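Report on one structure; see the data block that follows.
The values are calculated or read from the model by the stated rules, or taken from the named source; none is laboratory data. Everything numeric in this text was worked out from a predicted model, so none of it was measured. All Cβ positions, glycine included, derive from the backbone under ideal geometry; neighbour counts span all protein chains shown.
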Amino acid sequence: MIEFITKFFRREEASKNLAKERLRLVLMSDRVSLAPDIFETMKVEMLDVIRRYLEVDERALEMRFENAERQFLLLANIPVRSVLPLPRKTTGAGQTAGRNTNGRANGSAISSGDASPPAASASADASAPAEGPHPLPAFGGSAPGPGDDLSSSKELRPAANDAAGSAAAAGPHQTAKLPATVKRRRRRRKKVDAPVVDTAAPSAFGDVAEGPRPPGGS
Amino acid sequence: MSGRSFVVTSGKGGVGKTTTTANLGCALAGLGHTVVVVDADIGLRNLDLVLGLEKRIVYDLVDVAEGRCQPRQALIKDKRVDGLFLLPAAQTKDKEAIDEGQMKTIVRWLAANFDVVLVDCPAGIEHGFRNAVAGADEAIVVTTPEVSAIRDADRILGMLGSRRARLIVNRVRPEMVKTGDMLSVDDVADILGREVLGTVPDDEEIIDTTNRGEPVALDKERRLAKTYATMARRMCGEAVELPSHEDGIWGRLRRLIGSKA
Ligand SMILES: Nc1ncnc2c1ncn2[C@@H]1O[C@H](COP(=O)(O)OP(=O)(O)O)[C@@H](O)[C@H]1O
Ligand SMILES: [Mg+2]
């Protein structure tokens with residue numbers, strides 16, 4: 001009883017809750033890295049949808065999972081070549097309509113949901129890296145190399161120096177057609193929150209092949 | 001094929017696979033089933049010791065696999081309870097001494113001749129694990145309410161294919177669960193997303209009875225024997241409720257008194 005009372009007054013977080021939260025994150029990352037084939041399929045399916053609205057550079061596409069502080073993120077980097085002509089009823093192609101639209105911001109479909117103003121000016125673009133040839137789509141555990149975690153956000157961006165020169169003139173397949181798509185790249189990341197791969201029945205992954213280490217498993 | 005075959009596995013070592021296998025074997029036999037417990041931990045044989053049958057070993061699993069004896073010859077009959085048999089592991093060989101195909105053949109044969117086959121799996125996810133799993137139709141995944149054991153259990157669950165897999169949460173300490181310092185059985189089931197077959201408290205009786213080579217489940221009057229008997233019933237498809245160690249008032253009182261002594 002005394003124990004119980006002391007515990008009651010000792011107000012640190014119950015370690016069970018920490019255990020739960022830590023397990024939640026680590027199991028998501030384990031499951032993903034152990035079933036690379038399944039997420040390869042997911043990527044293909046996502047692309048099928050995206051292709052209905054956008055012309056994207058599939059060779060340069062990058063998608064991977066990352067362990068962040070208290071979140072497990074699906075990060076996608078999808079260079080858009082052009083937005084297909086869409087029959088439009090409402091403003092913008094979709095979801096972020098209300099946020100920070102300036103008239104031509106129809107890159108919103110893939111927009112990062114990044115709250116910073118779009119500032120579609122060329123100067124903003126200049127600081128953005130040019131679209132260089134990326135390594136092939138890195139996915140699941142198969143991707144992040146030695147640098148994992150923190151450094152990876154840098155890895156995602158191709159060398160900035162060659163951007164300086166060429167970005168103003170827009171990158172190789174970054175045709176001048178659509179400034180809006182350039183703007184999108186200001187934050188070149190689409191963050192999708194954790195629930196994408198939640199603690200769903202692990203059996204869904206079936207007999208998984210031996211996968212590479214969990215990404216970002218520090 | 002009449003009998004059912006289960007692999008008792010965990011990923012992590014030391015969480016209680018061997019203890020669980022021995023006691024479930026005793027409990028199942030106590031219910032009137034014929035049972036073979038198979039020690040698949042080649043090179044680290046232990047099930048014989050936990051069962052108190054270590055002195056009676058003549059042939060082992062590898063002898064059977066390599067045809068040096070008939071499967072029946074290698075089985076050790078437990079004299080304390082009708083219907084319980086042990087197929088011991090080889091102690092001198094290493095895990096490569098047997099392959100999945102051989103293991104499958106042996107477990108199939110056992111299942112055809114007994115009601116239940118329980119395969120005690122070695123720790124790890126390599127060769128020994130694949131062998132132990134090879135012949136089993138269902139799985140019992142043992143874990144403790146700790147992060148490392150749970151993570152490993154999740155990993156193992158992903159490697160069991162389409163087998164039905166249920167959890168045994170071992171070494172639960174109700175007083176810690178109560179104060180929020182240990183994950184509860186429900187938490188564990190939630191995180192792993194699997195059905196719980198049973199839960200066993202962390203209890204000195206386990207250590208004491210293991211010392212003697214007399215699994216606690218043999219003595220039907222003991223509280224823990226009932227715990228294992230309940231699991232055994234549930235394995236056989238009976239709809240028995242799980243006894244809750246977490247809020248049994250008597251259990252708590254007993255522990256409280258015990259711990260202050
Ligand atoms: N419920 C329990 N309460 C107390 N001790 C336990 C319990 N279950 C297992 N143990 C002890 O934990 C140790 C490891 O158990 P064991 O069954 O050999 O694990 P494994 O086969 O998974 O390696 C043994 O000393 C055993 O007596
Ligand atoms: Mg063991």
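Values as computed for the structure displayed
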item	result
Among the candidates B:LEU49, B:LEU53, B:LEU31, B:LEU24, residue that is more than 10 Å from ligand 1 (Cβ to nearest atom), surrounded by fewer than 19 Cβ atoms within 10 Å (Cβ to Cβ) and at pLDDT 95 or above	B:LEU31
Checking B:VAL107 against (1) farther than 30 Å from B:PRO201 by Cβ; (2) at pLDDT 95 or above; (3) surrounded by fewer than 18 Cβ atoms within 10 Å (Cβ to Cβ), the condition it does not meet	(3)
Verdict on B:GLY101 being more than 11 Å from chain A (Cβ to nearest Cβ), within 16 Å of ligand 2 (Cβ to nearest atom) and either within 15 Å of the chain's Cα centre (by Cα) or not aromatic (Phe, Trp, Tyr) (or both)	no
Test for B:VAL15: is it near ligand 1 (Cβ under 9 Å from one of its atoms), away from chain A (no Cβ under 14 Å) and touching a residue at least 60 places away in the same chain (Cβ under 8 Å)	yes
Of all residues in the stretch B:74-90 being among the small types (Gly, Ala, Ser) and not in a helix (DSSP H, G or I), the one that is farthest from ligand 2 (Cβ to nearest atom)	B:GLY83
Residues of the stretch A:33-57 classified as farther than 30 Å from A:LEU18 by Cα and either touching a residue at least 40 places away in the same chain (Cβ under 8 Å) or within 14 Å of chain B (Cβ to nearest Cβ) (or both), total	7
Within the stretch B:20-77, considering residues that are of a type in the set (S, T, N, Q) and under 20 Å from the mean Cα position of the chain (by Cα), the one nearest to B:ILE106 (Cα to Cα)	B:THR34
Subset tally (residues that are in contact with a helix residue (DSSP H, G or I) (Cβ under 9 Å, 6 or more places away or on another chain) and part of a helix (DSSP H, G or I)) for the stretch B:187-201	5
Hits in the stretch B:110-135 - residues which are more than 14 Å from chain A (Cβ to nearest Cβ) and among the aliphatic types (A, V, I, L, M)	B:LEU110, B:ALA111, B:ALA112, B:VAL116, B:VAL117, B:LEU118, B:VAL119, B:ALA123, B:ALA132
Only listed residue being away from ligand 1 (no atom under 13 Å from the Cβ), touching a Ser or Thr at 6+ places or on another chain (Cβ under 8 Å), of a type outside the set (Ser, Thr, Tyr) and closer than 15 Å to B:VAL7 by Cα, chosen from B:VAL141, B:VAL177, B:VAL117, B:VAL188	B:VAL117
Residues (free of Cβ contacts under 8 Å to residues at least 60 places away in the same chain and within 8 Å of another protein chain (Cβ to nearest Cβ)) located in the stretch B:166-181	B:THR179, B:GLY180, B:ASP181
Residues that are in a helix (DSSP H, G or I) and either more than 11 Å from chain A (Cβ to nearest Cβ) or among the basic types (Lys, Arg) (or both), drawn from the stretch B:136-160	B:ARG151, B:ARG155
Pairs, first in a loop (DSSP other than H, G, I, E, B) in the stretch B:202-231, second hydroxyl-bearing (Ser, Thr, Tyr) and surrounded by 19 or more Cβ atoms within 10 Å (Cβ to Cβ), C-beta under 7 Å, six or more apart	B:PRO215/B:THR209
Qualifying residues in the stretch B:35-73 (those that are outside any helix (DSSP H, G or I) and among the acidic types (Asp, Glu)) - the one farthest from B:THR21 (Cα to Cα)	B:GLU66
Qualifying residue in the stretch B:62-83 (condition: within 16 Å of ligand 1 (Cβ to nearest atom), more than 14 Å from chain A (Cβ to nearest Cβ) and of a type in the set (Asp, Glu))	no
